[in-house]
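Here's the structure, in C-alpha cells; my notes come after.
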Amino acid sequence: MTAETDILPARSKLSAALPRLPWLILPTLVFIVVAFGWPLLYLVRMSFNEHPAGGIYVEAWSLKNYLVVLTEPNMLAVIGKTIYISLVTAIVTVVAAFFFAQYVWLREGRNRIILLAIAIGPMLISEVSVIIGWRMFFPSNGLLSYALMSTGLADQKVNLLGTELAAIVGLSYISVSYCFFSILSVLNGIDRNLLTASADLGASPARTFFTVLLPLAKGGIAAAFTQAFVFTMGIYATTNALGPDSLWTMPYEIQLQMLTRRNWPMAAAIAVVLIAIIAVAAMGIQWLRHRKGSSHV
C-alpha cells in the first residue's frame, strides 16, 4: 500500500509536467520558423517571379524559371554533374571515414585520444584555408608533384589542380570528420565480443566484416552518407577553386545567376530544385536503410 501511494504523487507530477513541454520547445520553433521557414517561403515566392531586361525581377506567378531549369540541356547537365560529384564524394568520404572510425574504435587509451584529435583537425580549419592548402599541394610545382618525382613514381611534373579529382579530394577533406564521428558513434554501441564470437565460430575476417559489422553499423553509414551528400551538394568555393573550369555545379550556377546576371528568380528556382533534390535523396537513403528492417545495437 505504501509503494502504491508513493507512485501516485509521482504520476501526478509527471502528468502535470507533460502539458508544459510544448511551451518549452516554443522558443526553438519560433526561431526555426523565423530563421529558416520565412526565408524559404520567400525563396519559393521569388522563384515564380520574372526577370526583366535591365532589371532584377518583377513580381509574377510564372513557371518559366522551373521549365528552364528542368528542360534546358545545359541546366540538366549542371544538375547531373552536381549529383555525380556529390555521389562520388560521399562514397569516397564514407569509405575513408568508416575504415578510420573502425581503426579508432578498436584502439584504447592514449592512442585512441591521439587519433580522435587527428580526426577533429579538419573541422577546425576554415574552407578558405583548406582551398589554399590543396592549391599548394596539387599543382605541377606543388608537394605532390615533388614527392612523385623524388620517389621515382613520375618522370615529369604532375599537375592535378583544376581536375575533378582535386575537387573530390577537397570536398572529401571538408566532410570526412563529420562522417567519421557519425560512424564512430554507432560503432561505440556495438559489442566487440560479437566480432570475437564470429571469429570463434569459424568466420573469416572478411565474412565477419560483411555479415556482422556492416549490418550493425549501417545506421551510422547511412547518416554519414546523407551528411556528406547534402554537404557536398551545397558547396561552391571548393569545387570552383580546385576543379576544372568546366565543372559547373548548381551552387556555382546560383551565384552566377544571382551576382553576375542579376537574375534572382532564376537563382531562386535553381535553389529550390537543389533543396528538392537534397530532400528526395535524404528520404531515399532512409527508405533504403529501413526497407529490410533496422538493426538494433
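Where a number appears in this text, it was derived from the coordinates with a stated rule and is not lab data. Just so it is clear, the structure is predicted and the values come from calculations on it, not from any experiment. Ideal geometry is used to build each Cβ from the backbone, glycine not excepted, and the neighbour counts take in all protein chains shown.
Can you list the residues, at least 5 places off or on another chain, whose amide H is less than 5 Å from the amide H of residue 50, using H built in the peptide plane?
The answer is 58, 60.
How large is the convex hull of the Cα atoms of the stretch 137-191 per residue, expressed in Å³ as a whole number?
Details: hull volume 6.0 nm³, N = 55.
In the stretch 137-191, the Cα hull volume divided by residue count equals 109 Å³.
Apply the Debye scattering formula to the stretch 174-297, with a single equal point scatterer on each alpha-carbon and no solvent, then give log10 I(q)/I(0) at q = 0.10, 0.21 Å⁻¹.
Debye intensities relative to I(0), on a log10 scale: -0.48, -1.16.
Measuring from centroid to centroid over Cα atoms, what is the spacing of the stretch 183-248 and the stretch 71-150 in Å?
Taking the Cα centre of each part, the stretch 183-248 and the stretch 71-150 sit 14 Å apart.
How would 211, 163 line up from fewest to most surrounding beta-carbon atoms within 10 angstrom? Spell out each step's value before the answer.
On the way: 211 12, 163 15.
The fewest-first ordering by Cβ neighbours comes to 211, 163.
If eta is 1.306 mPa s and T is 10 °C, what Stokes-Einstein diffusion coefficient results for the chain, Kirkwood Rh from Cα pairs, in µm²/s? Mind showing how you got there, number by number?
Details: Rh = 23.1 Å.
D = 69 µm²/s.
Just to check I understand the Karplus step: with θ = phi - 60° and J = 6.51 cos²θ - 1.76 cosθ + 1.60, what whole-Hz values come out for the stretch 111-117, glycine and proline as x?
Result, ordered by residue: 4, 5, 5, 5, 5, 5, 5 Hz.
Kirkwood Rh over Cα pairs of the stretch 44-141 into Stokes-Einstein at 37 °C, 0.692 mPa s: D in µm²/s?
Taking Rh from Cα pairs, D becomes 178 µm²/s.
Could you compute the longest span of the chain free of GluC sites (Glu not before Pro) located in DSSP loops and having at most 12 other Cβ atoms within 10 Å, not counting the site residues?
On the way: sites that count: 59, 108.
In the chain, the maximal stretch lacking such sites is 109-297.
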